[in-house]
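Shown next, in structure tokens, is the structure this report addresses.
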Amino acid sequence: MPLRLYNSASRKKETLKPIKDGKVGIYVCGVTVYDLCHIGHARSAIVFDVLVKYLRARGFKVTYVRNFTDVDDKIIERSKKTGEDTITLAERYIKAFHEDMFALGVHDADVEPRATEHIDDIIDMIRRLVEKGVAYVVDTTVYFSVEKFDSYGQLSGRRLEEMVAGARIDIDEKKKHPMDFVLWKGTKPGEPKWQSPWGEGRPGWHIECSAMSCRYLGENFDIHGGGRDLIFPHHENERAQAMAANGVNFVNYWIHNGFLTVESEKMSKSLGNFITIKDALQLYHPQELRLFLLSKHYRSPLDFSRSALLETRSGLIRIYRTLQRLEEMIGPYKGNSKERTTPSLSQSDGDRLKSNFVRVMDDDLNTAGGLGLIFDRVRDINRLLDSSSQGEDTKSQLVKERRDLLSCSKVLGLLEVEPSKFFQQITKTPPEIDTDEIERMIQERRKARNEKDWTKADAIREELSKRGIILEDGPRGTKWRLKAEGSTKSLKKEVS
RNA sequence: GGCGGCAUAGCCAAGUGGCUAAGGCAGCGGUCUGCAAAACCGUUUGACACCGGUUCGAAUCCGGUUGCCGCCUCCA
């Protein structure tokens, strides 16, 4: 079974056939840098991060391009409020974006072009559109003429007549057709500007992506991605510009991720439920956010809620506990350098988990299905750990099962944290009790237990529990751990 | 108004014609434990919105109904 992806343009799943055998070019619309990124951006970034990692694991050589829009109305508006110039403002939010992505474990793209660095490419593309008569100039503004491009509306499944009919479109006297859009905008005082054949001005919103994607990936490339909302008008217009200018097909596969709601409501600034990635990282561990965001298919809508994230946490803790038990049994994971960076997954993989993982992921990146397999494997490993036979055979099997588990989770950017570190990070509040005292109390309790003084032993355990310490008695003595903050169970105790 | 999507157990969520419909969370019962915790096993009355149709056979395809949502304007 080859890799199949849902193509928004055909509204069907299609087998991925790269233009150049074994190589994939992918362009994803990045962010307009006028504000902090929110968790919706995080979903999009993580989905395409996983797509790229998966493609690489499946042996494709990927060129991943993700742009920054650093000149735009909203940036100009914001810079007027803050008093910064637009370049400084954009630079600040690009830095914030990189911080967020790093925290979430999202890799940098291979190329991260900025609109302001490609003004020449943009002007060149507009010039060709004007020369071909697909664009026209009014004063200092250049418009794209939608009527001159036959398949306008094909990507989003709209027809011009329908759009005009139902429209709440601003009537612009200068436009020949209401749906025509701006390629080049004449400058106003105080705005960023560049010299062009049509006077000083700046690019329109859509043209930069056409220019930059073609610049780095060629006039016709494999995959173009972004959020669902970008299908119209942004991607429709990008497609129209590029195809009209170059005269060849633009993108072979359009991939769009679904939207995120917050507590069942659309995320918007007016509703006050706008959650930035930085906010989310205050409340949740990056691994929790990743697991949560990948727990539903990327095209479906997903509701971000407190209760859903706490459920996610419970599941994640279970997996990391297993990883920790594994470390105690067979030592820390030491993959070779290739396994650690780019795991390799193939259809004919001997391991049941890996071959099944490839089977579900090949079907339009079914991360939810893949996670199901990962949880299956965790249970298998726990069974082995519980079993009485703990000889060398069991150990070597555990080594193999963990290696294959981590190869799969690596593609999802999960289980990458050292277990002990994970538990440290997830229990942010440091205990108001030092470890020496914990050890002392455990010794005291052990003495009581040896004397079968259960009342005293239980009292000590209860005292530690109040301070957030959970004790676990095992065959090799008593272990302690911190109660996970905000887990469903401890939340219930707070409520009752 | 136009276009599109969704409806699977208490909750979240895979599965798009055919073995006993994944997995997670929560609850309950059991194993283990002095009791717990963790883990494991079992379980949550027949879980596929409703009505028709196609088919030997449908959660899955087609038509209709109801309900929810998105886009059509900046938006990941």
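The values are calculated or read from the model by the stated rules, or taken from the named source; none is laboratory data. Values in this document were obtained by computation on a predicted structure and should not be read as measured data. So basically every Cβ, Gly included, is an ideal-geometry build from the backbone, and we count neighbours across all protein chains shown.
Table for the structure above
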quantity	calculated
Those residues of region A:1-32 which are surrounded by fewer than 20 Cβ atoms within 10 Å (Cβ to Cβ), within 12 Å of RNA strand B (Cβ to nearest atom) and assigned to a loop (DSSP other than H, G, I, E, B), in sequence order	A:M1, A:S10, A:R11
Criterion (surrounded by 18 or more Cβ atoms within 10 Å (Cβ to Cβ) and not assigned by TED's automatic domain parsing to the domain that holds A:G133) met by exactly one of A:A280, A:A211, A:A244, A:A240	A:A280
Total residues in region A:300-310, condition surrounded by fewer than 16 Cβ atoms within 10 Å (Cβ to Cβ) and either of a type outside the set (A, V, I, L, M) or at pLDDT below 90 (or both)	6
Scan of region A:261-308 for residues that are acidic (D, E) and within 26 Å of A:V360 (Cβ to Cβ), ordered by number	A:E288, A:D303
Index of the failed condition, A:D35 passing every other in (1) in a helix (DSSP H, G or I); (2) within 16 Å of RNA strand B (Cβ to nearest atom); (3) surrounded by fewer than 22 Cβ atoms within 10 Å (Cβ to Cβ); (4) among the charged types (D, E, K, R)	(1)
Residue match in region A:69-82 (condition: assigned to a helix (DSSP H, G or I), within 16 Å of RNA strand B (Cβ to nearest atom), crowded, with 20+ Cβ neighbours inside 10 Å and at pLDDT 90 or above)	yes
Of residues in region A:247-277 being near RNA strand B (Cβ under 9 Å from one of its atoms), touching a residue at least 24 places away in the same chain (Cβ under 8 Å) and not in a strand (DSSP E or B), the one surrounded by the fewest Cβ atoms within 10 Å (Cβ to Cβ)	A:S264
Test: residue in region A:157-169 that is in contact with a helix residue (DSSP H, G or I) (Cβ under 7 Å, 6 or more places away or on another chain) and in contact (Cβ under 8 Å) with a residue 60 or more places away in the chain	yes
Subset of region A:397-410 (residues that are in contact with a helix residue (DSSP H, G or I) (Cβ under 9 Å, 6 or more places away or on another chain) and either among the β-branched types (V, I, T) or more than 16 Å from RNA strand B (Cβ to nearest atom) (or both))	A:V399, A:R403, A:D404, A:L406, A:S407, A:K410
Lone unmet requirement of (1) within 29 Å of the chain's Cα centre (by Cα); (2) more than 13 Å from RNA strand B (Cβ to nearest atom) for A:K132	(1)
Complete set of residues in region A:61-87 that are out of contact with any strand residue (DSSP E or B) (no Cβ under 6 Å at 6 or more places or on another chain) and more than 24 Å from A:G186 (Cβ to Cβ)	A:T82, A:G83
Any helices (runs of 4 or more DSSP H) falling wholly within region A:297-375 and containing at least 1 residues that are among the aliphatic types (A, V, I, L, M) and under 23 Å from A:K53 (Cβ atoms)	A:306-330, A:352-362
Qualifying residue in region A:369-377 (condition: over 23 Å from the mean Cα position of the chain (by Cα), modelled with pLDDT of 90 or more and over 30 Å from A:N7 (Cβ atoms))	yes
